[in-house]
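None of the figures in this text is laboratory data; all of them are computed from the coordinates on show. Source: prediction; values computed, not measured. Here the Cβ positions follow ideal geometry from the backbone for every residue, glycine too, while neighbour counts run over all protein chains shown.
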């Protein structure tokens, strides 16, 4: 196996000089740098990143835990994380972790992540969290005090959505949730819906909201099945909020099967701002942010923390959501 010592001998320099060139540290004469890179190419030398990172006390490895690989929102954010991480010399692993205590424990204990970003709806036990903290893993979006938190501030935008429906004459507005009722009442989307029902004169009927207790189902299927359930029971509803965009597309499919047109019969508003939602007919009205940019910013902040090893008072990072107008919202034509 070719080593740095071999590269140094071929280039006629010290091993320390080879390290400085490859790690981009210190001041090295341009001609010397060229000789080192030429020797690397001639010998086919591949740096041992694992050994280097262990000597620095880190792995340069970011884990992203999620349980819905089919949701484009997650992939758009992960794409941004990976782009920023790659530019900073970090690697990213996406982990589709089962909802099984022992499986989670074995998987996470066998890997050395500098950072673990949580996009899962399932919970992590105290035992697992203690194990990760003992490994000095920087936790992101975990519901504990030691975690960094990244999220969108969508309160004003969700109110804007309610006003949009009000201005279009809607009063019977439903909600299709991808989470259970206990989580929904504490979720910004659920809170905004409940807070502004009376503000804009919408009918306040609990049966207009349907929930999901099966987190093994893809959001598209949840939206489709709950869309059928809601509109078979309450065909009088003229507008509906949906917890995420991919579920909203499932609702739109359900409406089509029931003979209801979007937006002529039912207006639909999603959440997440996925790019594919803009390509459907009708295009989806949604609440979101630039998901790739969101992922890049997330990676940038956590990598800064890892490299500088300096905790900062800032633990919460908030990004402003915006209303993305599509063709799925229109005037209420059914009185």
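Relative contact order of the stretch 4-47, please, whole-number percent, based on alpha carbon pairs below 8 angstrom and at least 6 residues apart.
Details: 37 pairs, mean separation 18.7, N = 44.
This gives 43 percent for the stretch 4-47.
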- Query: Considering the values (1) 153; (2) 164; (3) 124, which represents volume of the Cα convex hull per residue in Å³ as calculated for the structure under consideration?
  - Reply: (2)
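What is the stretch 153-288 by shape, rounded, prolate or oblate, if you read a ≥ b ≥ c off the alpha carbon gyration tensor as root eigenvalues and call it rounded for a/c under 1.5, prolate for a/b larger than b/c, and oblate otherwise?
Details: a/c = 1.19, a/b = 1.10, b/c = 1.08.
Verdict is rounded for the stretch 153-288.
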- Task: Please give the calculated 222 nm ellipticity per residue for the chain, where each DSSP H segment of at least 4 residues contributes -39500 (n - 2.57) and the sum is spread over every residue; nearest 500 deg cm²/dmol?
- Result: -13000 deg cm²/dmol
- Query: Along its principal axes, what span do the Cα atoms of the stretch 76-145 show, with the longest given first and each in whole Å?
  - Reply: 34, 24, 23
- Message: Give the separation of the Cα centroids, the stretch 105-140 to the stretch 185-261, in Å.
- Response: 33
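For each of 149, 252, 131, count neighbouring Cβ atoms within 10 Å of the residue's Cβ, then give the residues from fewest to most. Provide the component values of the computation, followed by the final result.
Working: 149 13, 252 26, 131 16.
Ordered from fewest to most neighbouring Cβ atoms within 10 Å, 149, 252, 131 come out as 149, 131, 252.
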- the stretch 185-273, relative contact order in percent, only Cα pairs under 8 angstrom and at least six apart counted: 26
- For the stretch 4-47, what is the convex hull volume of its Cα atoms per residue in Å³? 57
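Relative contact order for the chain: what is it in percent, counting Cα pairs under 8 Å that are at least 6 residues apart? It would help to have the intermediate numbers written out before the result.
On the way: 562 pairs, mean separation 60.7, N = 335.
Dividing the mean separation by the residue count of the chain yields 18 percent.
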- Message: Under the rule a/c < 1.5 gives rounded, and otherwise a/b versus b/c splits prolate from oblate, where does the stretch 130-189 land using the Cα gyration tensor?
- Response: prolate
